[in-house]
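S.K.: The structure that follows is given in the form of structure tokens.
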Amino acid sequence: MQIDRSSIPTIPTNGSGRPGATALNVGRIVYIGLILGAIGLAGALLLRQADDIAALKYDIRVLIHRQETLRRTRTNLEGQIAAQESLQRIQDLGAAWGFVRPEAAREIELVYTGVEPER
Amino acid sequence: MRGQRTQGIDTRIARIGLLLGLAGAFLVVRVGYWQFRGATAIDATQSLVLQPLRGSIVDASGHYLVANSVIYTLGMSPNLLHEGDGEAYVGLLTEALGLPEAEAKLVLQSRQAYVQIGADVSSAMVDELLRRCDADDYDNLTAGVFRLDPRQERVYADPDIMGSVLGFVLQDGEPAYGIEQQYDDVLRGAGGQWSSLIDETGQAVWAEWGDYRPPRDGGQVVLTIDRNVQHEAERLLAQALEEHKALRGNILVLDPRTGAILAMANLPGINLETLEELRSEDDFWRVANTAVSAIYEPGSVMKPITLAAALETRSVLPTDTYDDRGEMWVGGRRVANMGEMAYGEMNWTQMLARSANVGAAHLAATMGPARFYEMLRRFGFGDVTGVDLPLEARGLMRVPHMDTWHMSDLATNSYGQGISTTPLQIAVAYGALANDGVMMRPFVVSEVHWPDEVRRREPTALREIVRPEVADAVAEMMADAVDLAMEDAVIAGHRFAAKSGTAGVPRDGTYDNRLATPSFVGFGPLPEPRFVILVKLEEVEGEALGMEVAAPVFREMAMYLLRYYGVPSERLLAEAG
């Protein structure tokens, strides 16, 4: 008896005849690819934005910190100015350099008598 | 056949999708865990209150009187040190902070989470410490194993002058007395906030977290007081207190045209850097501003006020005279001149020159109680002047509707006895006579400076007390009286209208004859006065007459003011035409 070859079960092929290959719908692959691509793109954009925001916030934080440091420096400088321009200190320095208080100085009234013209 | 194939593929894709979904869900759960569970587990936030910078106080020329500096409480966490780091940190603590080596080793060996190293560490020491730590930047929490808690402290340019005017700030940040108390809402500013992530040791982690609200620093307060004038006033007053062994004293200088106070010396005072020495109740009068808070019997410096009141109410004329018989009876009590002197017929200039109590009582009796006390009220006695300083006293004045008032008070009040005023009330009343009869509200703060705004205080006229011609007449009479009988107050080339006063010191319902309160008050140079000067010494032993004790101080102060502000003499003005 001759057996009809077409009646024998075979491993399904995708047309190219390669064993184990499945026949996929091209449209479905493109669809899934687009979905994955869109999700990936959105994720990448989100991460990029989050990264930028984090960097900016860090910069702001550094600036705030620097501002606080500068405030303290300014405060200390004001304190130093106050100490340096102390009236007592200035008077002591003046006395050391030989200056005297106005009431202790002799008041001299100078009278202009004119100058004899040269002959 | 074809349908069976497709179904198989779908099943596989679904399985892969399920696996990916599970992985994703796992990641989401983990992220959620760290986001919420993790954060609450370490309780990771700490809100820092950023202290505002308390405003500085400067004098009329812009010189700092009070400023700030930042100091730190420095702590350390030895438990965070690695093995073998100890030696390096011993060097750091001893060299940068000056800690004894044994103490430094003790700190490092403690292995505690926090050890306080110093409570008042200066910024310079902290900078040196951080430089050695190779930390070029730091905040108030993190510097390796160190913890820095900043706070500000007041710095005084000249801590031993005008302490009672400036006031001070207590350790808890609350102000006490003076400008610090009166202008606290301006000086204080508003606090900011800064939230941070902190680790287990309480140190801030360098990461963005929470919000930031900057502090608003306090405004800068500009005084009308000039520190040079103030210093001179305190110098002269200190000399006078020492020379006459007085308990207390005041020198007040104000500009009668505006009410601006140019100097306010109250001694004995306080040193703002050694406040801890204040202990006893007696120290209250060193801390308080006695020019506005302490009352005294003004004595004869009231006589020009009485004269102005009589002229304003037209009870007498400037050209009138009276017969001074040396005594007078008012309300059944005898009023007599000092030394039981009788001067005969006198005009008002002579009455001021002789400081005749009988003359002042005569004026008051002529006016009658209603008009006399109404005029005293208009001059501001018995009420606050409204100066921008705290704890201002009203003074004590009995008036006819009170049970305690007696008709004899009419006479004694006319020459400044039985009535109590503050030195500032007297100076402001004299200021009205100097300013064509218009009383100005006294003030010590002329401007408040904010970063984006400057608020200037305009002079405020309170009321017209007397007509300009009355004020001028009284001023001329006072100046003539100075020339006649107060040679210690005469200033060559300038005319000052002034009056001496010598009041008794009330003790237990009577006067202590061993003590006196001499004073000298005046204004000038005429005809356009620029200064009102009050000199008062309290509780001087012996025969201390205002004319002898306070007048020379008044003269010195006036001469300084004329020189300092470059006021030309009458001769120079006449030569200039």
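The values are calculated or read from the model by the stated rules, or taken from the named source; none is laboratory data. Here the structure is a predicted model, which means the values were calculated and not measured. Cβ atoms come from the backbone with ideal geometry, glycine included; neighbour counts cover every protein chain shown.
S.K.: Consider residue B:349 carefully, then state whether it is more than 40 Å from the chain's Cα centre (by Cα) and either farther than 17 Å from residue B:301 by Cβ or outside any loop (DSSP other than H, G, I, E, B) (or both). Explain how you work it out, then say what you get.
M.R.: Working: more than 40 Å from the chain's Cα centre (by Cα): no; either farther than 17 Å from residue B:301 by Cβ or outside any loop (DSSP other than H, G, I, E, B) (or both): yes.
It is false that residue B:349 is more than 40 Å from the chain's Cα centre (by Cα) and either farther than 17 Å from residue B:301 by Cβ or outside any loop (DSSP other than H, G, I, E, B) (or both).
S.K.: If I ask for residues that are among the polar types (S, T, N, Q) and within 15 Å of residue B:150 (Cβ to Cβ), which ones from the range A:49-75 would you list?
M.R.: Matches in the range A:49-75: A:67, A:69, A:73, A:75.
S.K.: Run residue B:416 past the list (1) surrounded by fewer than 22 Cβ atoms within 10 Å (Cβ to Cβ); (2) under 30 Å from the mean Cα position of the chain (by Cα) and report the number of the one that doesn't hold.
M.R.: Going through the list (1) surrounded by fewer than 22 Cβ atoms within 10 Å (Cβ to Cβ); (2) under 30 Å from the mean Cα position of the chain (by Cα), residue B:416 breaks only (1).
S.K.: From the list B:69, B:77, B:110, exactly one residue is away from chain A (no Cβ under 13 Å) and within 30 Å of residue B:214 (Cα to Cα). Which is it?
M.R.: Testing whether each residue is away from chain A (no Cβ under 13 Å) and within 30 Å of residue B:214 (Cα to Cα) leaves just B:77.
S.K.: What do you reckon, is residue B:270 at pLDDT below 95 and buried (at least 22 other Cβ atoms within 10 Å of the Cβ)?
M.R.: Here the answer is yes, as residue B:270 does meet what is asked.
S.K.: Could you tell me which numbered condition residue B:314 fails, if it satisfies all but one of (1) among the charged types (D, E, K, R); (2) out of contact with any strand residue (DSSP E or B) (no Cβ under 7 Å at 6 or more places or on another chain); (3) free of Cβ contacts under 8 Å to residues at least 60 places away in the same chain; (4) farther than 29 Å from residue B:482 by Cβ?
M.R.: Tallying (1) among the charged types (D, E, K, R); (2) out of contact with any strand residue (DSSP E or B) (no Cβ under 7 Å at 6 or more places or on another chain); (3) free of Cβ contacts under 8 Å to residues at least 60 places away in the same chain; (4) farther than 29 Å from residue B:482 by Cβ, residue B:314 fails exactly one: (4).
S.K.: Just wondering, is there one or more residues in the range B:513-523 that are in the same structural domain as residue B:441 (by TED's automatic domain parsing), out of contact with any Pro (no Cβ under 9 Å at 6 or more places or on another chain) and without any contact (Cβ under 8 Å) to a residue 12 or more places away in the chain?
M.R.: Yes.
Conditions (1) out of contact with any Asp or Glu (no Cβ under 8 Å at 6 or more places or on another chain); (2) assigned to a strand (DSSP E or B), marked per residue:
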residue: B:474; (1), (2): yes, no
residue: B:484; (1), (2): yes, no
residue: B:498; (1), (2): yes, yes
residue: B:506; (1), (2): no, yes
residue: B:532; (1), (2): no, yes
residue: B:537; (1), (2): yes, yes
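S.K.: Can you find even one residue in the range B:539-554 that is assigned to a strand (DSSP E or B) and of a type in the set (Phe, Trp, Tyr)?
M.R.: no
S.K.: Could you grab me the full set of residues in the range B:312-346 that are within 28 Å of residue B:402 (Cβ to Cβ), touching a helix residue (DSSP H, G or I) at 6+ places or on another chain (Cβ under 8 Å) and in a strand (DSSP E or B)?
M.R.: Of everything in the range B:312-346, those that are within 28 Å of residue B:402 (Cβ to Cβ), touching a helix residue (DSSP H, G or I) at 6+ places or on another chain (Cβ under 8 Å) and in a strand (DSSP E or B) turn out to be B:327, B:328, B:330, B:333, B:335, B:336.
S.K.: With the condition kept exactly as written, say whether any residue in the range B:47-65 is in contact with a Lys or Arg (Cβ under 6 Å, 6 or more places away or on another chain) and either away from chain A (no Cβ under 11 Å) or exposed (fewer than 12 other Cβ atoms within 10 Å of the Cβ) (or both).
M.R.: There is no residue in the range B:47-65 that is in contact with a Lys or Arg (Cβ under 6 Å, 6 or more places away or on another chain) and either away from chain A (no Cβ under 11 Å) or exposed (fewer than 12 other Cβ atoms within 10 Å of the Cβ) (or both).
S.K.: Tally the residues that are facing another protein chain (nearest Cβ under 7 Å) and outside any helix (DSSP H, G or I), restricting the search to the range A:51-101.
M.R.: Qualifying residue count, the range A:51-101: 2.
S.K.: Can you tell me which residue in the range B:546-556 is farthest from residue B:499 (Cα to Cα), limited to those that are away from chain A (no Cβ under 14 Å) and buried (at least 20 other Cβ atoms within 10 Å of the Cβ)?
M.R.: By that ranking, first place goes to B:549.
S.K.: Do you know which residues across the range B:142-193 are within 14 Å of another protein chain (Cβ to nearest Cβ), more than 18 Å from residue A:75 (Cβ to Cβ), at pLDDT below 85 and in contact with a strand residue (DSSP E or B) (Cβ under 7 Å, 6 or more places away or on another chain)?
M.R.: Correct list: B:142, B:193.
S.K.: Residues of the range B:352-366 being crowded, with 24+ Cβ neighbours inside 10 Å and either within 13 Å of residue B:412 (Cα to Cα) or more than 37 Å from the chain's Cα centre (by Cα) (or both), which ones?
M.R.: Selection gives B:356, B:357, B:358, B:359, B:360, B:361, B:362, B:363, B:364.
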